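Please read the structure below before turning to the comments.
No value in this document is a laboratory result; all are computed from the given coordinates. Everything quoted here is computed from the prediction, not taken from an experiment. Please note: Cβ atoms are built from the backbone with ideal geometry, for glycine as well, and neighbour counts cover all protein chains shown.
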Number of protein chains: 2
Amino acid sequence: MSIRTIELREPVLTRNNDIAARVRHRLEEAGVVAYNLVSSPGSGKTSLLECTLKDLGKDLGIAVITGDVQTQNDAERLSLYTPRLVQAVVTGGACHLDAAQIEAALESILLEETDLLCVENVGNLVCPAGWDLGEAAKVVIFSVTEGEDKPLKYPKMFRQARVAILNKIDLLPFVPFDLERAVEFAREINPELRFFFTSALTGEGMLEWYDFLKAQVSAVRPRPLLPV
Amino acid sequence: MSIRTIELREPVLTRNNDIAARVRHRLEEAGVVAYNLVSSPGSGKTSLLECTLKDLGKDLGIAVITGDVQTQNDAERLSLYTPRLVQAVVTGGACHLDAAQIEAALESILLEETDLLCVENVGNLVCPAGWDLGEAAKVVIFSVTEGEDKPLKYPKMFRQARVAILNKIDLLPFVPFDLERAVEFAREINPELRFFFTSALTGEGMLEWYDFLKAQVSAVRPRPLLPV
């Protein structure tokens, strides 16, 4: 949206933040850890979630809300990997999810059976940065087939995220991508960023991501988890 | 932006369309072919433009306007490949370029020396679809490291584009990407779409893209072009 629209959007954003606070409170009360997965289109959010559901779904109760501009493709893909409901939100052209959509989607999710809620946002590195969904943290995903300077070009998103996943590392031998520089750029924007290096295709680095998720869930809801 | 903001945005969009019509008229009068390059972040817009400037810059007068949320990185990269001005527009957080920014940028471009204007929009497959910049056509770029279903997931963009570039085809042996299916999905959304298959890294398919650009320029401004 253009800079000229910012004033008009203020009341909408304020209302969004109120709803997000309500969603956050509800999730915290229920002991659910919620992550808002943001990335450009094609960085591999859905593939990462497929693996996570397949490998971690037997240890954790994982609920998923997918946001898509037009199709329910992501939700359909993910449904193959979990017996649980995958809640699809079609934004009908809008470029990000908002907190009201999450609040509505929560109605269909059994929070008492849920340890982890993954929200797959619309593929877009700009707009979702401005919209709090009530998540515990944003996870920004980018891939080695993109430029190393993505953190500098989309600083708001990298500043707001607590976790960064650099995906598709299986393609590193075939692309001119400088991994150290990418991490350096990201840390320049956000020194606190926790990094994971993954390939959803080969499984490389996924165990570290799973261990992180299990630790986060354990911290919120202290009960024994089955080993993976 | 959320669906709730659409009514507020109407006057802004109407104003944008008026400016875009003015820009289009001015470019047509000057015999300049203008393309609006849209894609997700990381699909390779800047690399494609680097090659195009390097290989075609001696035959065509190519002007470039780059839109970036925060940095001038793309403009700086492209400046290395052309003695001409590369006009950078930093949107300051906004998720797309608008026609007023193009109209302002045209003030710095010598239209009488320009055959081809390439506008590199902000990396975003959603928002730029709604904003006419006064271009002759939108060129949508996506890459084989993204999902084949991008056209179905971002139909507005693929419907509005006249040209599609499928980039990074050098990576086809290493990714689970079905090229035929991608083209099929795109044609489902927009049967008129003209396709190019390129690798800005290896140069594969770039000649077809250059021939297309030269033919478009010749059609508008009939004068002899030097062979590449």
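If you count Lys pairs in chain A whose Cα atoms are under 22 Å apart, skipping same-chain pairs closer than 8 places in sequence, the total is 19. Taking amide H as placed 1.01 Å from N in the peptide plane, the amide H of A:ARG194 sits under 5 Å from that of A:VAL163, A:ALA164, each at least 5 places away or on another chain. Placing a label point 7 Å from Cα along the Cα-to-Cβ axis, A:LEU85 is separated from the same position in the other copies by 5.8 nm, shortest listed first.
Each other copy places its own label point for B:ARG159 at 3.6 nm from this one, sorted shortest first, where the point lies 7 Å along the Cα-to-beta carbon line. 3J(HN,Hα) along the stretch A:159-175: 6, 7, 6, 9, 10, 10, 10, 9, 9, 6, 5, 5, 8, 3, x, 10, 10 Hz, from the Karplus curve 6.51 cos²θ - 1.76 cosθ + 1.60 with θ = phi - 60°, whole Hz, x for Gly and Pro. Collect residues whose amide H, placed 1.01 Å from N in the peptide plane, falls under 5 Å from the amide H of A:LEU97; neighbours closer than 5 in sequence don't count. For A:LEU97, the qualifying residues are A:VAL122. The helix-based estimate of mean residue ellipticity at 222 nm for chain B, built from -39,500 (n - 2.57) per DSSP H run of four or more residues and divided by its residue count, is -11500 deg cm²/dmol to the nearest 500. Applied to the stretch B:130-143, the Karplus parametrisation 6.51 cos²θ - 1.76 cosθ + 1.60 on θ = phi - 60° returns per-residue 3J(HN,Hα) values of x, 10, 6, 9, x, 6, 5, 7, 8, 10, 9, 10, 9, 10 Hz, with x for Gly and Pro.
Taking every Cα-Cα distance in the protein assembly as shown and sorting them into 20 Å bins starting at zero, the pair-distance distribution P(r) comes out as 25, 57, 17, 1 percent. For the stretch B:75-135 and the stretch A:105-149, what is the separation of their C-alpha centers, rounded to whole Å? A separation of 30 Å, based on Cα centres. Each listed q (0.11, 0.12, 0.13 Å⁻¹) maps to a log10 I(q)/I(0) for chain A from the Debye sum over equal C-alpha point scatterers, namely -0.53, -0.63, -0.75. With neighbour counts taken as other beta-carbon atoms within 10 Å, the residues B:LYS58, B:LYS214 rank, fewest first, as B:LYS58, B:LYS214. Treating r as the C-beta distance of B:GLU208 and A:ASN17 and R0 as 41 Å, the FRET efficiency rounds to 0.25.
Applying the Karplus relation 6.51 cos²θ - 1.76 cosθ + 1.60 with θ = phi - 60° to the stretch A:70-82 yields 3J(HN,Hα) values of 9, 9, 10, 3, 5, 4, 5, 4, 5, 4, 5, 9, 8 Hz, where x marks Gly and Pro. Amide H contacts of B:VAL139 (H built 1.01 Å from N, in plane; Pro and chain starts excluded): B:ASN36, B:LEU37, B:VAL38 sit under 5 Å, all sequence-distant by 5 or more or on other chains. Between identical copies, the spacing of B:GLU112 label points, each set 7 Å from Cα toward the C-beta atom, reads 8.0 nm from nearest to farthest. Prolate is the label for the stretch B:96-159. Its Cα gyration tensor axes, ordered a ≥ b ≥ c, give a/c of at least 1.5 and a/b above b/c.
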